[in-house]
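The values are calculated or read from the model by the stated rules, or taken from the named source; none is laboratory data. Keep in mind that what you see is a predicted model, and the values were worked out from it rather than measured. Cβ sites come from the backbone with ideal geometry, for glycine too, and all protein chains shown count toward neighbours.
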Amino acid sequence: MDAPAVIGRRVQRLRAQLGLTQRQLAEPAYTPAYVSTLESGKVRPSEAALRHLAGRLGTTYEELATGRPAHLATELRLALTDAQRVLATGEADEAALAYRGLLTRAELHGLDQERAEALLGLGECALELGELADAARHFEASEQILAAEPLPRRARAIRGRAVVHILAGELRYACYLLESAIDELTTSGLADPEALVLLYAAVISPYLDMGAQARAARAAELALALAPRVADPALVAGMHRQVARTFLAEGRLADADASLAKAQSVYRQLSLRTDLAHCHWMRGYVHAQEGQLPAAERELRTARDMLAAKRAALFTAQVEVELADVLRRLGRHAEAMALLTPLTELGDQHGAVHAGGAHRLLGLIHEEQGESDAAERHYVTALGLLERSGASGDLADLCRLLGDLLRRAGRMEAAMDAYRTGLGHRAAPGTTTLGPAPMPPGVPGA
């Protein structure tokens, strides 16, 4: 309810528009003096009084008490659902325009829950468009609005912030955010299945990139166990997509492909075009691991075209690195280099991971062409970029490639330094520098 003075002015304005006297508005339940005192803001009206006045003024209690049109919150929630559907089809620009309009309306009428939802949507749009600073700002603002809400209500904003850090190559901080939220959920009695599946699925990717395969496998196991209790099919599909990564890391290619097929089926049914593109991308990776390079190229090109058409810049860059590796393995070096060269300029704007991956592949191509000096330059550049990300597995592999190159050139001391650096980056199975792994649901205080 607004302040008495605000309500009083609202009553006076509506009464004047209808040409009613204070007596006509007051009778039969109240006196003209009461209406006069109310309009001057000297008394806070009761709910009963406002309902009476609203009926006489031809409006609703909610609009008289808050200034919000009747059913506004419901209308905004419906519109937010429509904007989410637009975003799911890959139209991030159009969805962002809708979310901005809804945010303005929610702010105008002080609807905090709807403001938070609009900001979450704007954060997701910014992620799709590769605008990481904007995405972080929107997710943080949403989380601040929901600060007094239970943690399950804040899980999407926390996951969004973590994804921003993952895409920027800040893997350890992303793990810290996700692990902290998981631990708080499991120790506070708020072990909401949907929130936990969302967070477990999100932490799989940085775990794998940091070489913490046991942790990734455990997160996947817990997410799969919770999945039957989750009603949102898109969330379950996203979980299957991430779980497939753990199967890939374990060499279980058939299981990975089966998980991706489940996710792909849901995305097709729900017309979630961007998510469907991610499934094509991962199935391309599976085919590449199996040595089925023409099939891998087809899947990756499909994913790239779908994502590029929707201006999903960061995700497009990741797919192009995978596609370039397939082209390299097919012996089509010129095509691979044409894809990779623009990606080497992404380091400052979008984080180190994509540019580091591009330099690594360019180093491999130059090495295969007998151009050792150029290969070394790219490997060293990639090392500098990836060291900022904490991607231990990638760093160890890169140090091995550089060490082998230097050893073949007879530079044994430099090769040993590269190998030692790689050993320093190789994380022990199931560990990170973050302390104990997150606790599973149902083990409070353990």
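Just wondering, is there one or more residues in region 291-310 that are touching a Lys or Arg at 6+ places or on another chain (Cβ under 9 Å), at pLDDT below 85, buried (at least 20 other Cβ atoms within 10 Å of the Cβ) and under 30 Å from Ala234 (Cα atoms)?
So far as region 291-310 goes, yes, one or more of its residues are touching a Lys or Arg at 6+ places or on another chain (Cβ under 9 Å), at pLDDT below 85, buried (at least 20 other Cβ atoms within 10 Å of the Cβ) and under 30 Å from Ala234 (Cα atoms).
Select from region 156-195 the residues that are acidic (Asp, Glu), under 27 Å from Leu395 (Cβ atoms) and modelled with pLDDT of 90 or more and list them in ascending order.
Residue satisfying the conditions is Glu179 alone.
Looking only at region 78-92, decide whether some residue is in a loop (DSSP other than H, G, I, E, B), surrounded by 14 or more Cβ atoms within 10 Å (Cβ to Cβ) and out of contact with any helix residue (DSSP H, G or I) (no Cβ under 8 Å at 6 or more places or on another chain).
Initial filter on region 78-92 (in a loop (DSSP other than H, G, I, E, B)): 89-91.
Narrowing further to those that are surrounded by 14 or more Cβ atoms within 10 Å (Cβ to Cβ): 89-91.
Checking the rest, the ones that are also out of contact with any helix residue (DSSP H, G or I) (no Cβ under 8 Å at 6 or more places or on another chain) come to 91.
The answer is yes, given that some residue of region 78-92 is in a loop (DSSP other than H, G, I, E, B), surrounded by 14 or more Cβ atoms within 10 Å (Cβ to Cβ) and out of contact with any helix residue (DSSP H, G or I) (no Cβ under 8 Å at 6 or more places or on another chain).
Of all residues being assigned to a helix (DSSP H, G or I) and crowded, with 24+ Cβ neighbours inside 10 Å in region 210-227, which is farthest from the chain's Cα centre (by Cα)? Just the residue, please. Show your work before the answer.
Filtering region 210-227 down to residues assigned to a helix (DSSP H, G or I) leaves 213-227.
The next check asks that each one be crowded, with 24+ Cβ neighbours inside 10 Å; those that pass are 215-216, 219-220, 223.
Values: Arg215: 20, Ala216: 18, Ala219: 17, Ala220: 18, Ala223: 17 Å.
Looking at the filtered set, the residue picked out is Arg215.
Out of Ala118, Ala155, Ala147, Ala135, report the one residue that is over 21 Å from Glu94 (Cβ atoms) and either crowded, with 23+ Cβ neighbours inside 10 Å or in contact with a Gly (Cβ under 8 Å, 6 or more places away or on another chain) (or both).
Numbers: Ala118 fails: over 21 Å from Glu94 (Cβ atoms); Ala147 fails: either crowded, with 23+ Cβ neighbours inside 10 Å or in contact with a Gly (Cβ under 8 Å, 6 or more places away or on another chain) (or both); Ala135 fails: over 21 Å from Glu94 (Cβ atoms).
One residue alone meets the criteria, Ala155.
From the set of residues in region 21-45 that are under 54 Å from the mean Cα position of the chain (by Cα) and not in a helix (DSSP H, G or I), which is surrounded by the most Cβ atoms within 10 Å (Cβ to Cβ)?
For region 21-45, the residue satisfying everything is Pro45.
(1) in contact (Cβ under 8 Å) with a residue 12 or more places away in the chain; (2) touching an Asp or Glu at 6+ places or on another chain (Cβ under 9 Å); (3) more than 23 Å from Arg252 (Cβ to Cβ): which one isn't true of Pro342, the others all being true?
Of the numbered conditions (1) in contact (Cβ under 8 Å) with a residue 12 or more places away in the chain; (2) touching an Asp or Glu at 6+ places or on another chain (Cβ under 9 Å); (3) more than 23 Å from Arg252 (Cβ to Cβ), the odd one out for Pro342 is (1).
Give me the residue from region 257-276 that is crowded, with 16+ Cβ neighbours inside 10 Å and not hydrophobic (A, V, I, L, M, F, W, C) and, out of that set, nearest to Ala308 (Cα to Cα). Steps first, answer last, please.
Initially, region 257-276 is screened for residues crowded, with 16+ Cβ neighbours inside 10 Å, giving 257, 259-260, 262-264, 266-267, 270, 272-276.
Still in the running and not hydrophobic (A, V, I, L, M, F, W, C): 257, 259, 262, 264, 267, 273-275.
Working: Asp257: 24, Ser259: 25, Lys262: 24, Gln264: 19, Tyr267: 18, Arg273: 12, Thr274: 10, Asp275: 13 Å.
Once the filter is applied, the top-ranked residue is Thr274.
crowded, with 20+ Cβ neighbours inside 10 Å, at pLDDT 90 or above and not polar (S, T, N, Q) - does that describe any residue in region 249-256?
We begin by selecting, within region 249-256, every residue crowded, with 20+ Cβ neighbours inside 10 Å; these are 256.
Subset that is at pLDDT 90 or above: none.
No; the residues of region 249-256 include none that is crowded, with 20+ Cβ neighbours inside 10 Å, at pLDDT 90 or above and not polar (S, T, N, Q).
The rows are residues; the columns are (1) over 30 Å from Arg154 (Cα atoms); (2) modelled with pLDDT of 90 or more; (3) in the same structural domain as Glu131 (by TED's automatic domain parsing).
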| residue | (1), (2), (3) |
| --- | --- |
| Ala16 | yes, yes, no |
| Arg23 | yes, yes, no |
| Thr59 | yes, no, no |
| Leu103 | no, yes, yes |
| His109 | no, no, yes |
| Glu117 | no, yes, yes |
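Being over 22 Å from Gln269 (Cβ atoms), modelled with pLDDT under 85 and among the hydrophobic types (A, V, I, L, M, F, W, C) is the filter here; which residues of region 67-93 pass it?
Listed by number, the residues that qualify are Ala70, Leu72, Ala73.
Say whether the condition of being in contact (Cβ under 8 Å) with a residue 12 or more places away in the chain and not in a helix (DSSP H, G or I) is met by at least one residue in region 100-110. If you could, list the steps in order and put the result at the bottom.
Within region 100-110, the subset in contact (Cβ under 8 Å) with a residue 12 or more places away in the chain is 100, 102-103, 105-106, 109-110.
If we keep only those that are not in a helix (DSSP H, G or I) as well, we get 109-110.
Yes; the residues of region 100-110 include at least one that is in contact (Cβ under 8 Å) with a residue 12 or more places away in the chain and not in a helix (DSSP H, G or I).
Can you tell me which condition Gly410 does not meet? The list is (1) modelled with pLDDT under 90; (2) in a loop (DSSP other than H, G, I, E, B); (3) out of contact with any Asp or Glu (no Cβ under 6 Å at 6 or more places or on another chain), and all the others hold.
In the conditions (1) modelled with pLDDT under 90; (2) in a loop (DSSP other than H, G, I, E, B); (3) out of contact with any Asp or Glu (no Cβ under 6 Å at 6 or more places or on another chain), Gly410 misses (1) alone.
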